[in-house]
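Accompanying notes for the structure given below.
The values are calculated or read from the model by the stated rules, or taken from the named source; none is laboratory data. Fair warning: this is a prediction, and the values are worked out from it, not measured in the lab. Cβ: placed from backbone, ideal geometry, glycine included. Neighbour counts: every protein chain shown. What goes into the accessible areas is simple: the full protein's heavy atoms, side chains included, and nothing from ligands, DNA or RNA. Shrake-Rupley method; radii C 1.70, N 1.55, O 1.52, S 1.80 Å.
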Amino acid sequence: QEKVTLRMVGAFPIGPSPTAEIGNKFMEAVNRLGEGKVEIRYLGASDVVPTFDQPEALVNGVFDVWYGAPNYWAGVVPGGDFTELSDLKVPDGGPGSEIYEYLVDMFAGKGVRYLAHAAGDVGVGTHKLSTNFQVESVEDLQGKKIRVAPLLRHFVEAVGAEPITLPPSDIFLAIDRGTVDGFTWPVADGYTNNGWEEVTEYLVDQPMYRSGAGLAMNLDKWESLSPEVQDILTEAVVEAQTFAQDWFLKNEQEQIEKMKAAGMEILPISEEESEKWTEIANDALWEYYQEVLSEDQISEVSRLLGRE
Amino acid sequence: MQLLEKFFTWIVNFFAVLAGLLLVAIMLATVFKVGLRGVAGRGIIGIDQLSGTAMVYMTFLGGVWVLRHNAHVTVDLVLSGARTAVRRNLIVLNSVVGAIICFVVSYYGFVAVQTSLARGIMVVQELEIPRAIGLFPIPVGALLLGIEFVRRALAAHRGAFDDEQEPKLEA
Amino acid sequence: MEWWQFLLAFFSGLGILLIIGLPVAFAFLLVNMVGVYFLWGGTSGFNQIVMSIESSISTFVLVPIPMFVLMGAIMFHSGIARKMIDVLDHWIGFVAGRLAVLAITTGAVLGALTGVAMGSVAILGSALLPEMRERAYAKSMTLGPILASGSLAILIPPSTLAIVLASLGGFSVAKILVAIVVPGLLLAVMYATYIVLRCVLNPKLAPAYQVPQVPMSQRLKETFIHLIPPVSIIVFVILAIFYGVATPTEAAALGAFVTCILAGLYGYLNWKMMRTSIASATSLSIMVLIILTGSAGFSQLLSFAGVTTAITNFATDLPVHPIILLILMQLVVMFLGMFLEQTSIVLVTVPIFLPIINALGWDPIWFGTIMMLNLEMATITPPFGLSLFVMKGIAPPDVTIGDIYKAAVPFILINILLMALMIAFPQIVLGLPNMMN
Ligand code: NA
Ligand code: NA
């Protein structure tokens with residue numbers, strides 16, 4: 001049988017972005033395990049297809065394999081990022097697990113073959129809030145101007161902060177000059193590459209959601225592959241998910257060391273306040289999922305996530 | 001035929017006014033947001049995202065009016081030096097090419113809107129709005145642009161093409 | 001197809017369409033469609049083209065462009081700009097090419113702090129260009145300085161592009177923001193010197209005329225009435241951004257709004273003036289935005305076909321002396337800058353350049369700053385530069401694209417001269433950031 005070449009595009013460029021390393025590791029694993037049978041070729045990131053058009057481009061078959069943030073699927077597969085609220089070590093439980101197979105079905109309905117949500121352990125490599133004001137509890141966020149990422153907008157609104165939209169490249173100037181009082185970012189994802197540690201005082205030590213990376217494929221392409229090649233890809237998914245665990249931990253630790261060295265202070269949140277924070281954050285996102293998922297889906301997802 | 005011509009001109013001008021109003025609306029909405037933040041200590045979410053969508057509407061609905069006044073940017077290296085007859089033929093040629101592109105974009109634009117609606121694609125930023133809403137002005141604008149290109153080709157063919165006009169709002 | 005075949009096909013296709021006089025936006029669109037047809041498998045890729053058109057302009061990041069255009073249009077059509085320049089003439093009428101120098105200075109400050117090159121060209125083009133023409137400035141002396149002023153936008157901090165560059169390359173954002181200060185100012189000074197010299201040597205370029213002797217008391221009075229208020233608006237926009245009161249998008253909208261109010265206070269506000277201003281601002285915004293819908297897709301297709309990466313790899317694989325390699329790398333950026341948009345160039349080239357920079361032990365801040373200067377030129381290098389197109393849109397019909405290309409050339413040469421100086425004397429770049437430690 002002839003060798004299959006799959007074209008991969010990602011949300012972030014391989015090399016500079018630690019999250020993109022998940023895509024890179026997946027590609028390396030496929031190319032190693034699939035020698036002579038299947039090969040992934042990396043085409044580029046947002047210079048090839050604009051980041052937020054990538055999910056649809058994957059569905060349209062412009063390219064075959066995709067990596068990026070799980071919640072970039074929100075517009076195409078509503079609620080397809082519900083593993084942001086998972087408390088399993090591997091957010092989707094890995095290939096073969098109940099959650100994983102549920103996601104495969106859910107994405108298949110939209111022309112996508114779900115491959116993975118790869119993240120650090122629970123609480124590792126997640127979104128964290130950076131501020132230029134003291135924070136002890138969620139109440140301190142009220143009335144503050146916070147730069148939002150789409151995933152965090154429900155939380156920011158729920159705590160009565162004012163959401164401000166800015167592209168990541170404008171965060172540096174905005175936080176430096178007080179256009180915003182804070183912003184959220186998955187710390188492991190190259191925080192200090194952006195120089196934010198030089199203009200930000202505090203990192204609030206309170207993890208939110210799971211973050212990490214998502215992997216997906218065009219469904220028609222997947223179905224055209226031989227079972228043998230499909231197995232190779234699945235094996236590579238497991239490798240990427242395993243790799244992610246240590247990778248995000250290592251990156252987060254490195255980033256925090258650099259942030260401390262630049263004079264940033266890590267603000268601890270008391271256990272009681274932390275529980276409250278997590279509850280508010282999770283409820284805000286869950287409320288959103290309730291809006292976008294059907295009743296059947298909600299009850300099933302609720303069961304899978306262990307929410308009553 | 002003349003009635004049709006009049007009707008099309010009315011459409012072109014109507015959309016031009018709409019485009020102008022959108023520009024003003026973007027300004028006022030943004031000022032309102034900043035003002036509200038100053039007064040109430042809290043802005044409104046979604047203005048930035050809607051401004052972006054408004055720019056797509058402004059561009060594609062007003063595009064035909066800009067074309068009618070011959071104000072789209074052209075690299076006139078050859079055109080400006082050419083003799084009248086050559087010039088006229090070139091305008092017929094580029095108008096025909098322009099019309100074809102616009103009709104093709106319009107057709108696939110409508111297909112894209114339909115596909116987007118069928119798949120239920122949403123734009124998830126500050127607000128969650130169907131992608132189709134943002135795409136919609138593209139096929140509409142391209143259709144109008146296509147028709148205008150055809151008019152241009154015919155006018156140039158008749159030798160009645162005047163390409164030194166200033167865009168004005170005529171309503 | 002090989003990458004160079006793509007390159008040839010893309011550029012010759014585009015070239016032919018432009019030469020027969022098809023508007024730029026539609027020429028890009030056609031080439032993109034043909035490219036997509038072959039690269040993305042037939043007509044199914046057209047769906048993606050429509051989406052790329054939408055996402056290229058449906059972003060608030062671009063809102064400052066129409067807002068600054070509106071602000072400039074109101075300043076011009078209400079007569080605020082003319083009064084302002086009259087006052088200025090009473091003070092410094094004797095300076096050769098003063099309006100051109102004024103363009104550079106205002107552009108440097110305005111564009112610099114907002115970081116939107118096209119916005120700066122748009123506002124100066126609509127407010128200042130007509131006045132310069134009225135005062136019989138030569139074409140090259142009206143177009144060139146305004147183009148050059150806009151290109152300063154990304155060079156004087158804050159600069160979003162510098163931040164993108166630093167975060168991709170993984171070097172200090174703060175340092176590169178500091179490092180571009182000296183070259184940025186130096187460039188502004190070189191531009192201004194060139195203008196004054198040219199105008200002194202050839203007074204016909206910017207005719208000096210007998211400025212009526214105005215008594216000091218009147219000069220002061222008119223300064224307070226006609227110069228300080230509009231200048232304050234520009235200062236207000238800048239301070240709003242600088243002190244973080246508003247994002248650049250918000251500040252631009254505020255600026256346009258306050259300009260309307262000022263026109264009202266002067267008693268210039270009437271239905272006809274507003275209608276003319278809005279019409280010209282709408283038309284100009286549309287012609288700029290519609291080009292963006294095509295040029296973004298063009299960059300993406302070149303990347304998709306692997307052309308951009310191939311060119312970069314080709315140059316960096318040549319076995320040459322490090323300094324030659326440095327110059328080659330800058331030539332690649334310059335070449336890409338003729339056709340592509342700046343962020344795409346950074347995204348593609350930096351990951352390839354970075355290992356080389358590290359291997360040769362160059363200071364990435366030095367390299368990055370030279371690259372910034374190079375990228376800054378991209379908006380004004382023919383044949384494709386968005387500032388060139390904006391200028392074509394604003395300028396009266398008798399100004400051809402050829403005039404605009406010609407007017408840009410001296411400023412491009414000055415830019416290249418400064419790059420050469422930065423390569424020869426790294427301390428121009430590194431002096432300031434090294435003091436930070
Ligand atoms: Na700037
Ligand atoms: Na250029």
Base-10 log of normalised Debye intensity for region C:170-305 (one unit scatterer per alpha-carbon) at q = 0.10, 0.16, 0.22 Å⁻¹: -0.70, -1.36, -1.18
Long-range amide H partners of B:Val124 with built H, under 5 Å: A:Gly75
Net charge over other residues, Cβ less than 10 angstrom from the Cβ of A:Val76 (K, R count +1; D, E count -1): +2
Taking N as its residue count, the alpha carbon Rg of region A:167-223 over 2.2 N^0.38 Å: 1.56
Per-peptide average of other Cβ atoms within 10 Å, ordering B:95-105, B:74-84 highest first: B:95-105, B:74-84
Size of charge dipole - region A:92-192 - debye, nearest 20, with Cβ of Lys, Arg +1 and Asp, Glu -1, no other charges: 340 debye
For region A:286-303 and region A:81-99, distance of Cα centres in Å: 16 Å
Kirkwood hydrodynamic radius (C-alpha pairs) into Stokes-Einstein, region A:109-153, 4 °C and 1.567 mPa s, D in µm²/s: 92 µm²/s
Compactness index (Cα Rg / 2.2 N^0.38 Å), chain B: 1.25
Dipole axis of the protein assembly as shown (+1 Lys, Arg; -1 Asp, Glu on Cβ), positive-most option in A:Ala244, C:Gly306, C:Leu289: C:Leu289
Alpha-carbon Rg/Rh ratio, for the protein assembly as shown, with Rh computed the Kirkwood way: 0.96
Convex hull of region A:43-116 built on C-alpha atoms - directionally averaged projected area, nm²: 4.9 nm²
Accessible heavy-atom area order of B:Leu93, C:Leu413, C:Leu165, C:Leu432, highest first, probe of 1.4 Å: C:Leu413, B:Leu93, C:Leu432, C:Leu165
Surface per residue (accessible, 1.4 Å probe) for the protein assembly as shown, Å²: 37 Å²
Mean residue ellipticity (222 nm) of the protein assembly as shown, computed from DSSP H runs ≥ 4 via -39,500 (n - 2.57), nearest 500: -21000 deg cm²/dmol
For B:Ala71, residues with placed amide H under 5 Å, excluding near neighbours: none
Normalised per residue, the volume of the convex hull around the Cα set of region A:214-308 (Å³): 183 Å³
Over region C:273-362: Rg over Rh, Cα atoms, Kirkwood Rh: 1.21
Peptide B:13-26 - average C-beta neighbours from other chains (10 Å radius): 4
Listed residues A:Lys89, A:Lys145, A:Lys3, B:Lys6 arranged by accessible area, highest first, probe 1.4 Å: B:Lys6, A:Lys89, A:Lys3, A:Lys145
Rg/Rg_ref, region C:62-435, where Rg_ref = 2.2 N^0.38 Å and atoms are Cα: 1.00
Cα gyration tensor shape of region C:216-295, rounded if a/c is under 1.5, else prolate or oblate by comparing a/b with b/c: oblate
Largest to smallest principal axis extent of the C-alpha atoms in chain A, angstrom: 62, 42, 29
A:Glu197 accessible area, 1.4 Å probe, all protein chains in place, Å² to nearest 10: 20 Å²
Calculated Rg and Dmax of region C:122-203 using C-alpha coordinates, Å: 16.1, 49
Within 10 Å of each Cβ in B:89-102, the average number of Cβ atoms from other chains: 4
Relative pair counts by distance (%), Cα atoms of region A:99-212, 5 Å bins: 2, 11, 20, 21, 18, 11, 7, 7, 4, 0
Peptide ranges A:94-100, A:189-195 listed from the most packed, as the mean C-beta count within 10 angstrom indicates: A:189-195, A:94-100
Relative packing of A:297-306, C:293-302, which averages over residues the other C-beta atoms within 10 Å, highest first: C:293-302, A:297-306
Chain C - percent of accessible surface contributed by carbon and sulfur, probe 1.4 Å: 73 percent
Percent of Cα-Cα distances greater than 18 Å, calculated over region A:1-43: 27 percent
Above-threshold pairs, the threshold being 24 Å between Cα atoms, out of A:Lys144/A:Lys250; A:Lys89/A:Lys276; C:Lys272/C:Lys406; A:Lys89/A:Lys128; A:Lys145/A:Lys250; B:Lys6/C:Lys392: A:Lys144/A:Lys250; C:Lys272/C:Lys406; A:Lys145/A:Lys250; B:Lys6/C:Lys392
Ranking by accessible area, most exposed first, for A:Arg7, C:Arg82 with a 1.4 Å probe: C:Arg82, A:Arg7
Inter-chain shielding of C:249-258 (mean C-beta neighbours from other protein chains, 10 Å cut-off): 6
